[in-house]
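Working notes, structure below.
What follows draws every value from the coordinates through simple rules; no lab data is involved. Predicted model only: the values in this text are computed from it and were never measured. Every residue, glycine as well, gets a Cβ built from its backbone with ideal geometry; the counts of neighbours run over all protein chains shown.
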Amino acid sequence: MTHPAHPAPTDSPVSPDRAPGGGGPIRPMPLVLMYHSVDEYDEDPHQITVTPARFARQLAWLRSAGLRGVGMRELLDAHADGRARGLVGLTFDDGYADFATRVTPTLLRFGFSATVFVVTERIGGDNAWDDGPRKPLMTVGQIASVARSGMEVASHGLRHVPLPAASDDALAAELAGSRAALERIVGEPVTGFAYPYGHAGAREAAAAEAAGYDYACAIDPYEPSRHALARTYIGERDRRLRLRAKVVRHELRWRSRV
């Protein structure tokens, strides 16, 4: 089976001033890095895993560049107040168990935070939607623990399905059901969403806003907005020069300074 997605952003021209009904344009577009898993591995056909040593070096590079990694809620609050300079959004899709065991301790060591997007009907299970190696997902206890440590827990839907192919009713259920489940676990409002596979059009962005989400992350949206935020893929191959190039590319593309 062909895996539908974890693509790196393309270089297709997109104007930050174009927006669907989902929350309107956001100017300038903040820099948001997209991770999935941080662990040792033997095979990683979809390039979703970064080794712990590489991850620590990536965070060290951010710090040396005068940047601090934060969760999406903190980033967007700072953006609204005009104090986002030097902040970079760190996001982790799928809710892998290594977010609790490897990612969170490393982030705390650097004084960083992040947002983890959880697939709620797979909590405590594995990435059954994927045709690659099975990877365990966080348990209820681990999700509650990372939230208490200062990480933002947000939704990645119920089942990790591509939402553009879902009916209106199924789309609404994915958005509302996953949010309610996570709020029961963390005991606080869940305000963020990430579209499975990064796939979202105007309908999905508008539905996320209508469902009460404050923001939603895509990957390379054709019509970027607060409910279709662009993100930059980060993988094992991203060393200092590639990280710097990705920051510069973001600044040029979105006409902004990080």
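General remarks:
- When each full DSSP H helix of the chain is screened for a Cα extent of at least 20 Å along its own axis and an average Kyte-Doolittle hydropathy of at least -0.5, the helices passing are 168-186.
- Gyration tensor (alpha-carbon) shape descriptor, the chain, a/c threshold 1.5: rounded
- Local net charge near Leu33, Cβ-Cβ under 10 Å (Lys/Arg +1, Asp/Glu -1): +1
- The chain: calculated mean residue ellipticity at 222 nm from DSSP helix runs of at least 4, using -39500 (n - 2.57): -9500 deg cm²/dmol
- Note, ³J(HN,Hα) from phi for the stretch 221-226, Karplus 6.51, -1.76, 1.60, rounded to Hz, x at Gly and Pro: x, 6, 10, x, 7, 4
- Going from the fewest other Cβ atoms within 10 Å to the most, the residues Arg244, Arg231 appear in the order Arg244, Arg231.
- Distant-in-sequence amide H partners of Leu87 (H built 1.01 Å from N, under 5 Å): Arg68
- Charged neighbours of Ile48, selected by a Cβ distance under 9 Å, balance to -3 (K, R count +1; D, E count -1).
- Each of Phe55, Phe117 was scored by other Cβ atoms within 10 Å of its Cβ. Listed from fewest to most, they are Phe55, Phe117.
- Calculated FRET efficiency, Glu121 to Asp168, Cβ-Cβ distance, R0 = 22 Å: about 0.65 to the nearest 0.05.
- Neighbour counting of Cβ atoms within 10 Å sorts the residues Val186, Val248, fewest neighbours leading, into Val248, Val186.
- Cα-based shape type of the stretch 162-258, given that a ≥ b ≥ c are square roots of the gyration tensor eigenvalues and the cut on a/c is 1.5: prolate
- Loop-resident sites, the stretch 43-137, for trypsin sites (Lys or Arg not before Pro), counting at most 10 other Cβ within 10 Å (DSSP): Arg83, Arg134
- The separation of the stretch 159-220 from the stretch 55-94, counted between C-alpha centres, amounts to 22 Å.
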